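Undergrad: Here you go, one structure.
The values are calculated or read from the model by the stated rules, or taken from the named source; none is laboratory data. Everything numeric in this text was worked out from a predicted model, so none of it was measured. Here the Cβ positions follow ideal geometry from the backbone for every residue, glycine too, while neighbour counts run over all protein chains shown.
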Amino acid sequence: MLRKFLFSTAAVIALGATAASAADLPRPMYTKAPPIVEPVVGDWTGFYIGVNIGYGWGSASANAGGIAGSENLDGVLGGGQIGYNWQNGGPWVFGIEVDGQGTDQHANFTGTAGAITVTESDKLPWFMTARGRIGYAFAPSWMIYATGGLAVADFQSTIAATGLGSATWEVTRAGWTAGAGIEGRINRQLSWKLEYLHIDTGTFNTTVFGVIPASVRLTDDIGRVGLNWHF
């Protein structure tokens, strides 16, 4: 009887010691897995297509029949672009881009000389550019670039004069463009850009009312923002 009591007491003490040792062991820590974030890829290589909107500060200078003058052609513009970038492992990015823009750039003028009143309405309905781009990726998702190439602009003018009636003429003129911009990646497919362009069509000749020789030069300064979708 005493032997059974001693064995039972020893068993209880052993179980208690085991439980106490188990309670002293460190408990495992459970943490929530961090969310999966899609990395922003620094490689700009590939085709892209996008849209843009901005504002143009144009200037048309003319000399007709020995009378010279100039006017501002300001207004909102918008359009789209398509292009291709190539980056070969380093920070330099080379590309080409073509864009087309519709504009609300226009100006109206009225003048009086004696009994003759002259009114003029000029417009820049559209322009397009085809440019090369040289960029520098100074961070995985940021690039600055310079751009330049061909520009083609359409110019419309309507002139009315007392006793002479009215005349409308339109010319599409090729010239050059140059500018710069900055572009940032939002994710793998989407980027935004902020861009400045200067366009110069040079001087071209025409006639007013079919008989008065005139020379016209058109320039335009453009600021615009855009979004590009990368493939």
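Undergrad: Which pairs do you get when a residue that is over 16 Å from Ala107 (Cα atoms), found in the range 54-72, comes within reach of a residue that is surrounded by fewer than 16 Cβ atoms within 10 Å (Cβ to Cβ) and at pLDDT 70 or above, reach meaning Cβ atoms under 7 angstrom, with the pair 6+ apart or on two chains?
TA: Once the first residue is over 16 Å from Ala107 (Cα atoms) and sits in the range 54-72, its partners that are surrounded by fewer than 16 Cβ atoms within 10 Å (Cβ to Cβ) and at pLDDT 70 or above give Gly54/Gly223; Gly54/Val225; Asn63/Ser215.
Undergrad: If I ask for residues that are of a type in the set (D, E, K, R) and loosely packed, with under 15 Cβ neighbours inside 10 Å, which ones from the range 137-178 would you list?
TA: Glu170 - this is the single residue of the range 137-178 that is of a type in the set (D, E, K, R) and loosely packed, with under 15 Cβ neighbours inside 10 Å.
Undergrad: A follow-up question, please. Could you give me the residue pairs with C-beta distances under 8 Å whose first residue belongs to the range 148-164 and is part of a loop (DSSP other than H, G, I, E, B), whose second residue is modelled with pLDDT under 80 wherever it lies, and which are 6+ apart or on separate chains?
TA: From residues that are part of a loop (DSSP other than H, G, I, E, B), the pairs are Thr162/Ala115; Thr162/Ile116; Thr162/Thr117; Thr162/Val118; Gly163/Ile116; Leu164/Phe209.
Undergrad: Looking at the range 176-199 only, could you name the residues that are more than 14 Å from the chain's Cα centre (by Cα) and without any contact (Cβ under 8 Å) to a residue 40 or more places away in the chain?
TA: Passing the criteria: Trp176, Ala178, His198.
Undergrad: With respect to Phe127, determine if the residue is aromatic (Phe, Trp, Tyr), crowded, with 16+ Cβ neighbours inside 10 Å and closer than 30 Å to Trp44 by Cβ.
TA: yes
Undergrad: Taking the conditions exactly as written (out of contact with any Lys or Arg (no Cβ under 7 Å at 6 or more places or on another chain), surrounded by 15 or more Cβ atoms within 10 Å (Cβ to Cβ) and at pLDDT 80 or above), does Arg188 satisfy them or not?
TA: Considered against the rule, which asks whether it is out of contact with any Lys or Arg (no Cβ under 7 Å at 6 or more places or on another chain), surrounded by 15 or more Cβ atoms within 10 Å (Cβ to Cβ) and at pLDDT 80 or above, Arg188 comes out as no.
Undergrad: Here's a follow-up. Filter the range 73-82 down to residues that are closer than 15 Å to Leu190 by Cα and surrounded by 19 or more Cβ atoms within 10 Å (Cβ to Cβ), then give me how many there are.
TA: 1
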